């Protein structure tokens, strides 16, 4: 441990699945230690993400069939704790959430070069577990292991990346979860200079996908609320369609090469109708509801390819670090909050008032 490091820290403990009352803001949480192969990070900022709320409410449980917002404040009464996480395994409570971690390394454990102390870093959200036979297995920071809603976080050195840029801490903290999810969707779907439709385009992942798709030379058709159309166009969308409009009527059948979907819900069949023959569909979210109607004939007669995207190859995060350092992307931070105002931040997130990311800042020493 470093000299002058306190024994206790401020953190938000998730004490169980449920509503906002399960978020316990504490000032007496023990500071974690950097074990073998670990680094200790002083957290500078942490973004707010759907997964933080979905994990709190146990929305990932198969017993929940509604949209993510329906239980965002109070939780889901019918949720099963036994499969309420990304991994489908019970979460160990209390848990420190926070899938986005930006900060500086202040200590290292055995086996880690001390030269890393002082590095400004980002941590991968989708981390590889220490052991595992399934090559697609992963842990989510803040779900299967403690995350960044705290002053300090101890993480494996191999999952923490040095980054050199002139961005603010809040800007960097908007990257790990949203941008890696978006980049992974595009990577898995092999998006090139094609026509891509992105649902939920004003949110954290959606707005990242718009930027990253333009970076690949794609023509972006975005779906977002009318009030946010100008914001989404400013990110690079060529066309913005108001949420809820008939996509087949607006675009025509067989008009899109790739669909990047974060919404699902009742409009989902239209996404397959607008895909061209041989088109690709990639998803990493279902904020409008996970249960959809699939006409299997559409799938096979159009030779469509589906990608479910959770696991991320290391190259995805490595690419993001390169994009940042070369100035190829720029995040959109809509608002920042002190960590103690985490409930207000999640309320604003659920209200979907803002375009871009909401970011929490822990107290300074």
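Each reported figure results from applying straightforward, stated rules to the coordinates on display, with no laboratory input. Every value quoted in this text rests on a predicted model; they were computed, and no experiment measured them. Using ideal geometry, Cβ is built from the backbone for each residue, glycine included, and neighbour counts are taken over all protein chains shown.
The equivalent ellipsoid of the range 178-308 has semi-axes of 20, 16, 14 Å, largest first, where each one is the square root of 5 times an eigenvalue of the Cα gyration tensor. Divided by 2.2 N^0.38 Å, where N counts the residues, the Cα radius of gyration of the range 266-352 comes to 1.53.
Assuming a viscosity of 1.567 mPa s and a temperature of 4 °C, what translational diffusion coefficient in µm² per second does Stokes-Einstein assign to the chain, Rh being the Kirkwood radius over Cα pairs?
Working: Rh = 20.7 Å.
For the chosen part, D equals 62 µm²/s.
Taking packing as the residue-averaged number of other Cβ atoms within 10 angstrom, the listed peptides 259-266, 140-147 run from highest to lowest as 140-147, 259-266. Treating r as the C-beta distance of residue 365 and residue 137 and R0 as 41 Å, the FRET efficiency rounds to 0.65.
Counting only DSSP beta bridges with both residues in the range 208-365, the antiparallel share comes to about 0 percent. Ignoring everything except DSSP H segments at least 4 long, calculate the 222 nm mean residue ellipticity for the chain; use -39,500 (n - 2.57) per segment, divide by total residues, nearest 500. Mean residue ellipticity at 222 nm (helix-derived): -6500 deg cm²/dmol. A quarter of the convex hull surface defined by the alpha-carbon atoms of the range 209-253 gives 3.2 nm² as the mean projection. Using C-alpha pairs below 8 Å separated by at least 6 residues, the relative contact order for the range 178-308 is 22 percent. Which whole-number percent is the relative contact order of the chain (Cα, under 8 Å, 6+ apart)? Relative CO of the chain lands at 18 percent.
Take the Cα pairs of the range 168-227, get the Kirkwood Rh, then feed it into Stokes-Einstein at 25 °C and 0.890 mPa s and tell me D in µm²/s.
Numbers: Rh = 11.7 Å.
The estimated diffusion coefficient comes to 210 µm²/s.
Where both bridge residues fall in the chain, DSSP classifies roughly 55% of the beta bridges as antiparallel. Centre-to-centre separation between the Cα atoms of the range 265-302 and those of the range 195-251: 17 Å. Helix 204-215 and the longest principal axis of the C-alpha atoms of the chain enclose an angle of approximately 70°.
Could you give the C-alpha radius of gyration of the range 11-50 expressed as a fraction of 2.2 N^0.38 Å, taking N as the number of residues it contains? It would help to have the intermediate numbers written out before the result.
On the way: Rg = 13.0 Å, N = 40, 2.2 N^0.38 = 8.9 Å.
Dividing the Cα radius of gyration by 2.2 N^0.38 Å gives 1.46.
Using only alpha carbons, build the gyration tensor for the range 6-131 and give me the equivalent ellipsoid semi-axes, biggest first, whole Å.
On the way: eigenvalues 184, 49, 34 Å².
Each semi-axis is √(5λ); the values are 30, 16, 13 Å.
Taking the alpha carbon gyration tensor of the range 20-80, multiplying each eigenvalue by 5 and rooting it gives semi-axes of 30, 14, 12 Å, largest first.
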